[in-house]
Amino acid sequence: MSAHEYVVRFSTRQRVEHFVVMSLFVILALTGFPQKFYDSGWAAAVVGLFGGVPQMRWVHRVAGYCLLFATIFHFFFVLLEVVVRKARLSMVPERQDFKDAIHQLRYYLRLEDTPARFDRFDYREKFEYWGLVFGNMIMVGSGLVLLYPMVVARYLPGELIPTAKIAHSNEGLMAFLVVITWHVYNAHFAPDIFPFNKTIFTGRISKHHLQKEHPREFERLFPDESAAAVASAATTPAAPAAEPPAPAPGS
Amino acid sequence: MSLLQHRPWLATGLLAAMFAAPSYGLPEPPKESPAEEAEGCLGCHEDPSIEVAFADGTRRTLQVDRNAFAQSVHFGKVACSECHPGFQEIPHPERRYASEDEFRAGMRQACQTCHFQDYSRYMDGVHHAVAKEGGAAPTCVDCHDAHAVTPPGKPRSRVSDTCSTCHSDVAETYASSVHGRLLAGPRPDDAPVCTDCHRSHDIQDPKSQAFLLRTPETCGGCHSDNQRMKPYGLSTKVMSTYLADFHGMTASLAAPHAEGSTRVTAVCVDCHGVHDITKVDEPGSKVMKENLLKTCQQCHPDAAGDFPAAWLSHFEPSLERAPLVYLTRQFYVIFIPFVIGGLVLQILLHFWRVVVNR
């Protein structure tokens with residue numbers, strides 16, 4: 001099997017979504033953290049960069065709205081693909097994911113000799129996806145409460161506003177910490193990945209990596225090669241790039 | 001500085017004395033003390049009829065009150081001629097002033113010789129800015145007096161009396177405020193007077209955001225000081241709780257970039273009032289529960305319903321007060337380290353296993 005053979009892993013829509021969310025995440029963190037850490041020197045410097053607090057907040061709010069729309073679009077497209085194209089819901093957690101997680105943990109502790117054999121999305125990817133989805137809902141929801149406190153207080157207890165501020169501030173910090181530890185490790189610094197897993201940008205994964213990281217998906221896509229690979233990985237004949245069997249929803 | 005240089009008449013006298021005294025050599029020049037010099041000046045300037053006429057037709061008395069001058073911190077230390085150089089010659093050479101303003105402007109220069117720092121601060125202040133534009137604004141002697149210069153803050157109430165000369169309406173409002181009443185009471189040293197908040201020489205435009213956005217620091221100077229607040233049973237958390245909230249955070253961020261007078265956020269005085277500040281539980285208090293919605297509406301005209309409850313009234317969230325805020329905060333205090341700790345542990349395990357495999 002050649003290292004130059006690829007499989008399409010992410011559709012154009014998914015790659016664009018990742019790029020949009022990534023950009024918005026950076027903008028939101030940059031314009032949000034100075035407000036959380038208001039008494040630090042760098043916060044004042046960032047505010048100066050935007051020309052003032054109102055200007056920085058304007059950017060933060062516009063980016064927040066963009067994230068809200070991106071989230072709505074995402075679920076709209078997932079729904080469309082599921083209903084119209086009968087796509088598989090490959091991001092939904094299954095029993096197997098919990099088994100995989102336990103297996104993988106045992107493998108790390110040397111209680112298993114081989115790592116868990118993952119399907120299209122492993123439990124770590126699903127965790128991050130759903131973390132993003134729920135985190136997003138908290139951030140957008142609390143952000144809207146903070147943006148329209150007068151409307152909220154007309155119908156609901158006023159205490160929700162400082163509660164939203166605490167939630168927004170802490171959830172934002174947590175999202176940032178997850179991204180700079182977990183996501184950056186898994187996409188950049190993990191020894192097999194370093195320096196950069198480009199799949200989410202190019203949309204393509206090499207067959208070699210697919211077989212290594214998602215063996216169960218590989219088996220479904222290339223049942224013949226899998227059998228051959230077991231016999232001898234070096235002598236597997238080259239195969240043209242293949243389309244995945246079904247477009248997978250999820251970012 | 002040579003005594004002779006500034007007193008040509010004295011030099012003439014000395015020369016005459018030298019010739020008149022043949023066998024004693026050069027005599028010691030009779031060194032005149034500041035008090036002695038003042039005595040000489042007061043010889044004429046005690047007279048109430050002594051006046052100066054200006055080109056614009058106005059006149060001004062040149063009388064100096066001996067008793068008031070004797071109380072001055074300068075008396076006996078600073079000679080008349082140090083503030084009024086060039087007047088040693090008698091009769092004084094004729095000078096022409098267009099107006100009293102011009103006359104006073106010349107006199108003001110004298111203060112900076114010794115009080116350079118305060119003088120340059122004054123140049124940065126709003127009074128100088130007004131004076132520069134030709135407006136009526138006080139200079140050094142209007143607040144400190146020219147000859148009866150005494151410590152400006154003794155007693156403390158003297159400061160507000162001085163300012164009330166021009167700002168009588170503000171002084172009246174202040175006098176009936178909680179701070180004004182404290183000043184008139186038995187513990188005047190605890191009360192903030194005008195200059196504690198506005199400063200004395202480099203007074204900023206009180207309507208400018210540069211000044212207003214520093215209000216938390218100004219008020220916090222006393223209100224976060226345990227020693228000062230203890231006798232009054234006032235919380236010292238007022239500043240930290242303000243800063244932790246949306247308004248305070250905005251004020252901190254906006255203060256270094258403040259310009260103009262468009263309000264950026266609510267500061268202490270927007271809710272509590274300025275010169276009319278009251279105790280929080282006093283009738284008419286802008287911040288008591290019954291009046292709070294109206295106070296919010298000053299900036300948030302659409303505020304209605306439970307909106308004032310969005311502000312925790314300088315209380316730190318607890319189970320009794322704002323339980324939802326408290327519990328949300330406690331949740332994250334546990335949840336963030338749990339999640340991040342778990343993920344980092346998994347990263348380390350993964351890395352370790354990869355290394356072991358090699």
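The values are calculated or read from the model by the stated rules, or taken from the named source; none is laboratory data. Keep in mind it's a predicted model, so treat the numbers as computed, not measured. Note: ideal-geometry Cβ built from the backbone for every residue, glycine included; neighbour counts use all protein chains shown.
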B:ASP302 being assigned by TED's automatic domain parsing to the domain that holds B:LYS237 and surrounded by 15 or more Cβ atoms within 10 Å (Cβ to Cβ): no
Residue match in region A:124-131 (condition: among the hydroxyl-bearing types (Ser, Thr, Tyr), assigned to a helix (DSSP H, G or I) and at negative phi): yes
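One line per residue, one yes/no per condition, for (1) within 14 Å of chain B (Cβ to nearest Cβ); (2) outside any helix (DSSP H, G or I):
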position	(1), (2)
A:VAL26	no, no
A:TRP42	yes, no
A:GLY48	yes, no
A:GLY64	no, no
A:HIS74	no, no
A:VAL78	no, no
A:VAL83	no, no
A:LYS86	no, yes
A:LEU89	no, yes
Helices (runs of 4 or more DSSP H) contained entirely in region B:95-202, each with at least 3 residues that are loosely packed, with under 14 Cβ neighbours inside 10 Å, modelled with pLDDT under 90 and acidic (Asp, Glu): none
A:TYR155 surrounded by fewer than 17 Cβ atoms within 10 Å (Cβ to Cβ), facing chain B (nearest Cβ under 9 Å) and within 27 Å of A:TYR65 (Cβ to Cβ): yes
From the options A:ALA116, A:ALA164, residue that is assigned to a loop (DSSP other than H, G, I, E, B) and either at the interface with another protein chain (Cβ under 8 Å from one of its Cβ atoms) or aliphatic (A, V, I, L, M) (or both): A:ALA116
Odd one out for A:ASN136 among (1) in a helix (DSSP H, G or I); (2) crowded, with 18+ Cβ neighbours inside 10 Å; (3) within 13 Å of chain B (Cβ to nearest Cβ): (3)
Flag for A:GLY141 being more than 10 Å from chain B (Cβ to nearest Cβ) and within 30 Å of A:PHE37 (Cβ to Cβ): yes
Any pair with Cβ under 6 angstrom, 6 or more apart, that starts in region B:245-259 at a residue that is within 7 Å of another protein chain (Cβ to nearest Cβ) and ends at one that is in a loop (DSSP other than H, G, I, E, B) and polar (S, T, N, Q): B:THR250/B:THR265
Some residue of region B:294-311 being touching a residue at least 60 places away in the same chain (Cβ under 8 Å), over 23 Å from B:VAL170 (Cβ atoms) and among the acidic types (Asp, Glu): no
Subset of region A:168-195 (residues that are under 16 Å from B:PHE338 (Cα atoms) and either surrounded by 20 or more Cβ atoms within 10 Å (Cβ to Cβ) or touching a Phe, Trp or Tyr at 6+ places or on another chain (Cβ under 9 Å) (or both)): A:ASN170, A:GLU171, A:GLY172, A:LEU173, A:MET174, A:ALA175, A:PHE176, A:VAL178, A:VAL179, A:TRP182
Every residue from region A:82-121 that is modelled with pLDDT of 90 or more, among the charged types (D, E, K, R) and either crowded, with 18+ Cβ neighbours inside 10 Å or in contact with a Ser or Thr (Cβ under 8 Å, 6 or more places away or on another chain) (or both): A:ASP97, A:ASP100
